[in-house]
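Let me begin by presenting the structure, written as C-alpha cells, before commenting on it.
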Amino acid sequence: MALSDVTITVNLVSSVGTEPYWFPLFLVGGAGSSADPLASCNEISYTEFSSLSAFVDALAPYTESMTRAEKRTAQELAKSTTIYKALEAMYQQEDHPNKFAIIVHITAVDTTTLLEEVEAVVDKGWRWLVPIYGVTSYLPFSDYVEELKNTRKMVVFGYGISTLPTETYTETVDSTTYTLTDYDRTIYLATVNTSQVSVCAFIGAIAGKNTGSLNYRNVIVEGVTAASLTEDELESLHDLGFMTFVERAGDVVTSQGKSASCERYIDTIDIEDFVVQELIYETQQALNVNDKVPYNNDGIAILENAAASVMSDCCDRGLVAKTDTNSYSYSVEYPAISYVPDEDISSRVYRLGTVTFTVQGAIDKVEITVEMTL
C-alpha cells in the first residue's frame, strides 16, 4: 500500500430536517396480528420525537437486564415494523420536518377510543393527523377535524389502488355514513406503493415547508411510484376527492392541489389557518403584556397594531396577493370608540375589528402559443 501523510475521518450524519411551524401526529391503532413485529413492541402514549432513533428507543421492547446484543435485537425488531419503515420514508424527503408526534397502540382499539385520545391532545400544536396503521375507519377523524373551530387541523390518509375507484368513497361507522367529498380538511392519497409509506413520504415533503408557501400540486416526493393514468382517469380520480402521484418532467409529484371536497385549494386552507392562529396569538399577547388594555381609542389601537403586525408578516411570507400597483391586497380596520355600542363597552368586549385580505394564488397549468416562421 502506498504511503500517505493524509488521514480521512468519515462521520455519518443523519439529516437534521427543517424546524416546522406545524408538525404531524401519526396514529397507530394496533398490531395487525400476533405475528406482526409491532405486537412485541412497546405502546407509546402521545409523544413528540425529534429523531427516528429516539422513536426506535421508545418502541423497542428493552428491559433492564438485557445485554447490548439483546438490545440491538430489540432495536432491529422495532425497525422491522411497518411503522418504522413508513416514518423512514418521511425522513427521505429533502425538507422533512425535524419533529413529529405519534400514538402507538399494540392491542387493537376502536375508533371511538382513538378519537378520544386525539381530542385529549388537540391543543398540542400538531397540524396533520395521520392514521397510518391499524385504523379501520378514517372519515370519523375527518368529521371531527372539520368541526373544530380555532384549533385548525388537517387529516391525511392513504388508499392503495389496484383498480381505479369509480364511486365516491364512503364509510359507515355506528350507523353514521360519512362521505369523503364532504370534507375540506382531508387529503386522501390513492397510491401505488404501500399506503403507509406513501402517506409518510408525502408528509415529509410538505411538513417542513414554510407555511402557505407551498402549492400542493407538483410537490416532488421521493421514494414513491407514480400512477400510470390517462388524463381522463386522473381527472376522474380527482373528481372523487383523491390525490395521487404522477410523473411530470421526470419527477414523481403530487397530482393536484385540492383537498377531498374538490372545492378548496390546500394552500389557501394553510394560509387561512396561519392567519387565524397568529391573530389569536398576537391579540392574546397584547392582552397579556399590557397591565390593562383600556376601552378607549388607545386600547383599540393596541389591538389594531397587533393585527396589522400579523398581516405585515403574512405579506413578508408571500401569503397575501399583490395589486397591479405592487401593493399588498389587505386591510385592517378597528373602528374607534365612538362606533362601539354601549353594551359592548359595559361587557368589555370589542367586536368591530375586521381583517380583510386576498390570498396569494398559484399557477397550476401553463398554455403557450408558439408562432414559428419557416
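The values are calculated or read from the model by the stated rules, or taken from the named source; none is laboratory data. Keep in mind the model is a prediction, meaning the values are calculated, not measured. Positions of Cβ are generated from backbone atoms using ideal geometry, with glycine treated the same way; all protein chains shown enter the neighbour counts. Just so you know, the surface numbers come from the protein's heavy atoms only, side chains and all, with ligands and any DNA or RNA stripped out. Shrake-Rupley method; radii C 1.70, N 1.55, O 1.52, S 1.80 Å.
Just going by the charge dipole of the chain, with Lys and Arg at +1 and Asp and Glu at -1 on Cβ, which of Ser338, Val135, Gly318 is farthest out on the positive end? The Cα lying farthest towards the positive end belongs to Val135. Leaving out same-chain residues fewer than 8 places away, which lysines sit with a Cα under 30 Å from that of Lys292? Partners within reach: Lys124, Lys149. Projecting the Cα atoms of Val293, Tyr328, Ile280 onto the charge dipole of the range 279-347 (Cβ charges, centred on the Cα centre) puts Tyr328 farthest toward the positive pole. For the range 170-219, the per residue solvent-accessible surface stands at 33 Å², with DNA, RNA and ligands left out and a 1.4 Å probe. Normalised Debye scattering of the range 210-320 at q = 0.15, 0.19, 0.23 Å⁻¹ gives log10 I(q)/I(0) of -0.74, -0.96, -1.17, counting only Cα atoms as equal scatterers and leaving out solvent. Label sites at Lys71 and Asn215, each approximated as a point 7 angstrom past Cα along Cα to Cβ, lie 5.0 nm apart.
Mean residue ellipticity at 222 nm, helices only, the chain: -10000 deg cm²/dmol; runs of at least 4 DSSP H residues each add -39,500 (n - 2.57), and the sum is divided by the number of residues.
Using only side-chain charges placed at the Cβ, +1 for Lys and Arg and -1 for Asp and Glu, the dipole size of the chain relative to its Cα centre rounds to 880 debye. Its Cα gyration tensor gives the range 273-374 an equivalent ellipsoid, and the semi-axes of that ellipsoid, as √(5λ) in whole Å with the largest first, are 41, 14, 11. Full extension of the chain between Asp342 and Glu367 gives 3.3 nm of extra length, using 0.36 nm per residue less the Cα-Cα distance. For a straight C-alpha distance cut-off of 23 angstrom, the lysines reachable from Lys85 (same-chain residues fewer than eight places away being disregarded) are Lys71, Lys99, Lys209.
Each of Leu234, Gly212, Thr168 was scored by the projection of its Cα onto the charge dipole of the range 162-245, and the greatest displacement toward the positive side belongs to Gly212; charges sit on the C-beta of Lys, Arg, Asp and Glu. Across the range 152-167, rounded Karplus estimates of 3J(HN,Hα) from the backbone phi angles (6.51 cos²θ - 1.76 cosθ + 1.60, θ = phi - 60°) give 9, 10, 9, 10, 10, 8, x, 9, x, 9, 9, 10, 6, x, 10, 10 Hz, Gly and Pro being marked x.
Phi angles of the range 305-316 translate, via the Karplus equation with coefficients 6.51, -1.76, 1.60 and θ = phi - 60°, into HN-Hα couplings of 5, 4, 5, 5, 5, 4, 5, 5, 5, 4, 5, 4 Hz per residue; Gly and Pro are given as x. Database remark: amide H of Gln256 closer than 5 angstrom to the amide H of Asn218, Thr244 (H placed geometrically; neighbours at sequence offset of 5 or more, or on other chains; Pro and chain starts carry no H). Return the percentage of antiparallel bridges among DSSP beta bridges fully within the chain, rounded to the nearest 5 %. Taking every DSSP beta bridge with both residues in the chain, the antiparallel ones total about 50 percent. Ignoring the sites themselves, the chain has its longest run without GluC sites (Glu not before Pro) in a DSSP loop having at most 15 other Cβ atoms within 10 Å at 264-366.
Rounded to a whole number, what is D in µm²/s for the range 314-373 from Stokes-Einstein with the Kirkwood radius over alpha-carbon pairs (4 °C, 1.567 mPa s)? For the chosen part, D equals 83 µm²/s. Only Lys, Arg, Asp and Glu carry charge here, each on its Cβ (+1 for the first two, -1 for the last two); on that basis the range 235-374 has a dipole of about 140 debye about its Cα centre.
Apolar share of the accessible surface for the range 81-146: 43 percent from carbon plus sulfur atoms, 1.4 Å probe. Phi angles of the range 321-327 translate, via the Karplus equation with coefficients 6.51, -1.76, 1.60 and θ = phi - 60°, into HN-Hα couplings of 5, 9, 8, 4, 8, 6, 9 Hz per residue; Gly and Pro are given as x. Think of a 1.4 Å ball rolled over the protein heavy atoms: the range 44-117 then has 49 Å² of accessible area per residue. For the chain, relative contact order (Cα pairs under 8 Å, six or more residues apart, normalised by length) works out to 14 percent.
Remark: the range 294-373 carries 70 Å² of accessible area per residue (probe radius 1.4 Å; ligands, DNA and RNA excluded). What the Kirkwood sum gives for the chain is a hydrodynamic radius of 23.5 Å, with every pair of different alpha carbons counted. Ligands, DNA and RNA left out, the 1.4 Å accessible surface of the range 159-310 is 42% carbon and sulfur atoms.
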